[in-house]
Amino acid sequence: DQQVKQNSPSLSVQEGRISILNCDYTNSMFDYFLWYKKYPAEGPTFLISISSIKDKNEDGRFTVFLNKSAKHLSLHIVPSQPGDSAVYFCAASYAYSGGGADGLTFGKGTHLIIQP
Amino acid sequence: ETGVTQSPTHLIKTRGQQVTLRCSSQSGHNTVSWYQQALGQGPQFIFQYYREEENGRGNFPPRFSGLQFPNYSSELNVNALELDDSALYLCASNTDMKYGYTFGSGTRLTVV
């Protein structure tokens, strides 16, 4: 049973427009959420995180929104750039309540393609 | 030392053999964890070490084991390799969740 779901395997967006990547989770015990970006032949790179006590966190072009009641989070990238083309993973953790000993639970990823 | 480095980058093993994968974490990162990423899937948590003790394990059998050393290096050992163990193995370390985990580039293991 997948606890973190990214239902869109791929997403194509024009350069300069907004990219919105979605993620749903089923386990209400998750209290910390992270987004990672992965290029081929590289490990995932941390982008941005949000704790369950917040509903928004912003870092430059990247904003993560958390809707706890819907168990949904989204990553907004504005404006989208060609270098943003990569696979994006949503991940969840019990970090602050469980000390991180359960690791991160990842979704299957969304392949974002930025078209010129 | 900055970053997380893993070795080797690629490895081919025969079913039934044993393999050891290595990771060198960032200095000061007391927590190291290992993940398995099968093709088309997200990384799956194998286990985590904190100050040389295993303090968390995902849904992986005991033939997956590990070690963490005082010099911030660690190992993942897999015994009795099976074809389904073919995957990218990622090592990650961190100090504070708000900064996320820092991942290495991984070791691509192929079991034939």
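The values are calculated or read from the model by the stated rules, or taken from the named source; none is laboratory data. Keep in mind the model is a prediction, meaning the values are calculated, not measured. Cβ atoms come from the backbone with ideal geometry, glycine included; neighbour counts cover every protein chain shown. Keep in mind that these areas ignore ligands, DNA and RNA; they rest on the heavy atoms of the full protein, side chains included. Shrake-Rupley method; radii C 1.70, N 1.55, O 1.52, S 1.80 Å.
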With respect to A:PHE65, is the statement that it is assigned to a strand (DSSP E or B), at pLDDT below 95 and surrounded by 13 or more Cβ atoms within 10 Å (Cβ to Cβ) true? no
Elements of type strands (runs of 3 or more DSSP E) contained in the stretch B:21-112, each with 3 or more residues being open to solvent by 50 Å² or more (accessible area, probe 1.4 Å) and within 11 Å of chain A (Cβ to nearest Cβ): B:53-57
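Could you please find all residues in the stretch A:42-53 being in a loop (DSSP other than H, G, I, E, B) and more than 7 Å from chain B (Cβ to nearest Cβ)?
The answer is A:SER52, A:ILE53.
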Can you tell which of B:GLY106, B:GLY16, B:GLY28 is closer than 16 Å to A:PHE46 by Cα and not hydroxyl-bearing (Ser, Thr, Tyr)? B:GLY106
Output yes when any residue across the stretch A:70-82 is at the interface with chain B (Cβ under 9 Å from one of its Cβ atoms) and surrounded by 21 or more Cβ atoms within 10 Å (Cβ to Cβ), and no when none is. no
Which one of these is β-branched (Val, Ile, Thr), within 17 Å of A:GLN6 (Cα to Cα), open to solvent by 30 Å² or more (accessible area, probe 1.4 Å) and more than 13 Å from the chain's Cα centre (by Cα): A:ILE53, A:ILE113? A:ILE113
Being modelled with pLDDT of 95 or more and not in a strand (DSSP E or B) is the filter here, so list the residues in the stretch A:25-39 that pass it. A:THR26
Check the stretch A:3-24 and report whether any residue there is open to solvent by 70 Å² or more (accessible area, probe 1.4 Å), assigned to a loop (DSSP other than H, G, I, E, B), free of Cβ contacts under 8 Å to residues at least 24 places away in the same chain and away from every other protein chain (no Cβ under 14 Å). no
Confirm whether B:THR9 is over 18 Å from A:LEU104 (Cα atoms), facing chain A (nearest Cβ under 9 Å) and over 10 Å from the mean Cα position of the chain (by Cα). yes
